[in-house]
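Down below is the structure, laid out as C-alpha coordinates.
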Amino acid sequence: MTNTGTATQPAPARQSRQISALRGASLGALVMLIVQFGLGTAVNLYVKLPATGKASQAFSHGPVLVLHVLLGLLLVVTAVTLLVRAIIARHGPVIAAAAVGLVAIAAAATQGFSFVSKGTNAASLAMAIATGVAMLCYATALAVLRAPGGQRD
(Lines give C-alpha, C1' and ligand atoms only; values in the text may rest on other atoms or scores of the structure.)
Protein backbone atom coordinates (compact mmCIF):
# COMPACT_ATOMS: atom_id res chain seq x y z
CA MET A 1 0.00 0.00 0.00
CA THR A 2 1.41 3.38 -0.96
CA ASN A 3 1.04 6.60 0.90
CA THR A 4 0.33 9.59 -1.33
CA GLY A 5 0.95 12.16 1.43
CA THR A 6 3.58 14.85 1.03
CA ALA A 7 5.92 13.10 3.49
CA THR A 8 6.71 10.37 0.96
CA GLN A 9 6.90 12.54 -2.15
CA PRO A 10 10.30 13.27 -3.60
CA ALA A 11 11.60 16.74 -2.63
CA PRO A 12 11.47 18.18 -6.19
CA ALA A 13 7.80 17.18 -6.63
CA ARG A 14 6.85 18.64 -3.25
CA GLN A 15 8.78 21.83 -3.97
CA SER A 16 7.09 22.16 -7.37
CA ARG A 17 3.66 21.84 -5.74
CA GLN A 18 4.56 24.38 -3.08
CA ILE A 19 5.79 26.88 -5.69
CA SER A 20 2.65 26.36 -7.74
CA ALA A 21 0.47 26.94 -4.66
CA LEU A 22 2.42 30.09 -3.78
CA ARG A 23 2.06 31.35 -7.34
CA GLY A 24 -1.70 30.72 -7.30
CA ALA A 25 -2.18 32.42 -3.93
CA SER A 26 -0.08 35.42 -5.02
CA LEU A 27 -2.09 35.80 -8.22
CA GLY A 28 -5.35 35.44 -6.30
CA ALA A 29 -4.30 38.12 -3.81
CA LEU A 30 -3.23 40.45 -6.62
CA VAL A 31 -6.51 40.04 -8.52
CA MET A 32 -8.53 40.58 -5.34
CA LEU A 33 -6.53 43.72 -4.58
CA ILE A 34 -7.23 45.11 -8.05
CA VAL A 35 -10.96 44.48 -7.60
CA GLN A 36 -10.75 45.92 -4.08
CA PHE A 37 -9.08 49.05 -5.41
CA GLY A 38 -11.91 49.50 -7.91
CA LEU A 39 -14.57 48.98 -5.25
CA GLY A 40 -12.80 51.43 -2.95
CA THR A 41 -12.70 54.03 -5.69
CA ALA A 42 -16.43 53.51 -6.30
CA VAL A 43 -17.16 53.91 -2.59
CA ASN A 44 -15.09 57.08 -2.46
CA LEU A 45 -16.75 58.61 -5.52
CA TYR A 46 -20.33 57.37 -5.45
CA VAL A 47 -21.35 56.21 -1.96
CA LYS A 48 -22.62 58.86 0.40
CA LEU A 49 -21.24 57.93 3.79
CA PRO A 50 -23.06 58.96 6.98
CA ALA A 51 -22.06 62.01 8.97
CA THR A 52 -18.71 61.93 10.75
CA GLY A 53 -18.61 59.59 13.72
CA LYS A 54 -21.55 57.39 12.64
CA ALA A 55 -19.61 54.50 11.10
CA SER A 56 -22.19 51.99 12.34
CA GLN A 57 -24.68 53.37 9.80
CA ALA A 58 -22.29 53.12 6.85
CA PHE A 59 -23.51 49.70 5.72
CA SER A 60 -27.01 50.97 5.09
CA HIS A 61 -25.71 53.21 2.31
CA GLY A 62 -25.34 50.68 -0.48
CA PRO A 63 -24.01 47.25 -1.34
CA VAL A 64 -20.71 48.52 -2.77
CA LEU A 65 -19.36 49.33 0.69
CA VAL A 66 -20.52 45.95 2.00
CA LEU A 67 -18.76 44.18 -0.90
CA HIS A 68 -15.65 46.28 -0.26
CA VAL A 69 -15.56 45.23 3.40
CA LEU A 70 -16.27 41.55 2.68
CA LEU A 71 -13.55 41.41 0.04
CA GLY A 72 -11.21 43.11 2.51
CA LEU A 73 -11.85 40.35 5.05
CA LEU A 74 -11.23 37.72 2.38
CA LEU A 75 -8.00 39.50 1.47
CA VAL A 76 -6.77 39.29 5.06
CA VAL A 77 -7.44 35.54 5.09
CA THR A 78 -5.69 35.12 1.73
CA ALA A 79 -2.70 37.18 2.86
CA VAL A 80 -2.29 35.16 6.06
CA THR A 81 -2.64 31.90 4.12
CA LEU A 82 0.01 32.96 1.60
CA LEU A 83 2.40 33.95 4.38
CA VAL A 84 1.92 30.61 6.15
CA ARG A 85 2.45 28.70 2.89
CA ALA A 86 5.60 30.71 2.16
CA ILE A 87 6.94 29.93 5.64
CA ILE A 88 6.19 26.22 5.22
CA ALA A 89 7.94 26.28 1.83
CA ARG A 90 10.86 28.20 3.40
CA HIS A 91 10.88 30.60 0.46
CA GLY A 92 12.61 33.70 1.87
CA PRO A 93 11.77 36.26 -0.83
CA VAL A 94 8.09 35.25 -0.85
CA ILE A 95 8.00 35.27 2.96
CA ALA A 96 9.24 38.88 2.86
CA ALA A 97 6.81 39.93 0.13
CA ALA A 98 3.87 38.19 1.83
CA ALA A 99 4.70 39.72 5.22
CA VAL A 100 4.93 43.24 3.83
CA GLY A 101 1.78 42.63 1.78
CA LEU A 102 -0.12 41.52 4.89
CA VAL A 103 1.04 44.60 6.80
CA ALA A 104 -0.01 46.81 3.88
CA ILE A 105 -3.46 45.19 3.77
CA ALA A 106 -3.83 45.70 7.52
CA ALA A 107 -2.79 49.36 7.11
CA ALA A 108 -5.32 49.81 4.29
CA ALA A 109 -8.05 48.29 6.46
CA THR A 110 -7.18 50.54 9.38
CA GLN A 111 -7.26 53.60 7.15
CA GLY A 112 -10.53 52.39 5.64
CA PHE A 113 -12.20 52.30 9.04
CA SER A 114 -10.78 55.77 9.71
CA PHE A 115 -12.15 57.01 6.39
CA VAL A 116 -15.64 55.68 7.10
CA SER A 117 -15.73 57.20 10.58
CA LYS A 118 -13.97 60.54 9.88
CA GLY A 119 -14.24 60.97 6.11
CA THR A 120 -10.79 62.51 5.71
CA ASN A 121 -8.96 62.67 2.41
CA ALA A 122 -5.75 61.67 4.20
CA ALA A 123 -7.27 58.34 5.25
CA SER A 124 -8.50 57.73 1.71
CA LEU A 125 -5.06 58.47 0.27
CA ALA A 126 -3.33 56.29 2.86
CA MET A 127 -5.72 53.45 2.06
CA ALA A 128 -4.95 53.74 -1.66
CA ILE A 129 -1.18 53.89 -1.10
CA ALA A 130 -1.25 50.87 1.22
CA THR A 131 -3.27 48.96 -1.38
CA GLY A 132 -0.69 49.88 -4.02
CA VAL A 133 2.11 48.63 -1.78
CA ALA A 134 0.26 45.34 -1.27
CA MET A 135 -0.25 45.00 -5.05
CA LEU A 136 3.47 45.55 -5.58
CA CYS A 137 4.29 42.89 -2.99
CA TYR A 138 2.15 40.23 -4.64
CA ALA A 139 3.33 41.17 -8.14
CA THR A 140 6.90 40.83 -6.86
CA ALA A 141 6.09 37.41 -5.40
CA LEU A 142 4.73 36.37 -8.80
CA ALA A 143 7.90 37.56 -10.51
CA VAL A 144 10.07 35.67 -8.03
CA LEU A 145 7.97 32.53 -8.43
CA ARG A 146 7.92 32.45 -12.24
CA ALA A 147 8.81 29.09 -13.71
CA PRO A 148 12.40 28.75 -14.97
CA GLY A 149 12.74 29.54 -18.64
CA GLY A 150 9.17 30.85 -18.75
CA GLN A 151 7.79 27.30 -18.74
CA ARG A 152 4.98 26.17 -16.48
CA ASP A 153 5.62 23.34 -14.09
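Looking at G150, G132 in this structure, which one is surrounded by fewer than 18 Cβ atoms within 10 Å (Cβ to Cβ), closer than 22 Å to L22 by Cα, out of contact with any Pro (no Cβ under 7 Å at 6 or more places or on another chain) and at pLDDT below 90?
Just a single option satisfies the conditions, and that option is G150.
Scanning the stretch 115-129 for residues that are surrounded by fewer than 18 Cβ atoms within 10 Å (Cβ to Cβ) and farther than 20 Å from Y46 by Cβ returns A122, I129.
When H61 is tested against the conditions (1) surrounded by fewer than 19 Cβ atoms within 10 Å (Cβ to Cβ); (2) closer than 16 Å to G119 by Cβ; (3) modelled with pLDDT of 90 or more, the lone failure is (3). Residues that are farther than 16 Å from L75 by Cβ and small (G, A, S) within the stretch 102-128 comprise S114, S117, G119, A122, A123, S124, A126, listed in sequence order.
Remark: pairs (first residue in the stretch 27-44, aromatic (F, W, Y); second residue not in a helix (DSSP H, G or I); Cβ separation under 8 Å; 6+ apart in sequence or on different chains) are absent. Flag set for Q15, criterion: in a helix (DSSP H, G or I), more than 14 Å from L142 (Cβ to Cβ) and modelled with pLDDT under 90.
The values are calculated or read from the model by the stated rules, or taken from the named source; none is laboratory data. Computed from a prediction, not measured in an experiment: that's the story for all the values here. Glycine also receives a Cβ, built like all others from the backbone with ideal geometry; neighbour counts cover every protein chain displayed.
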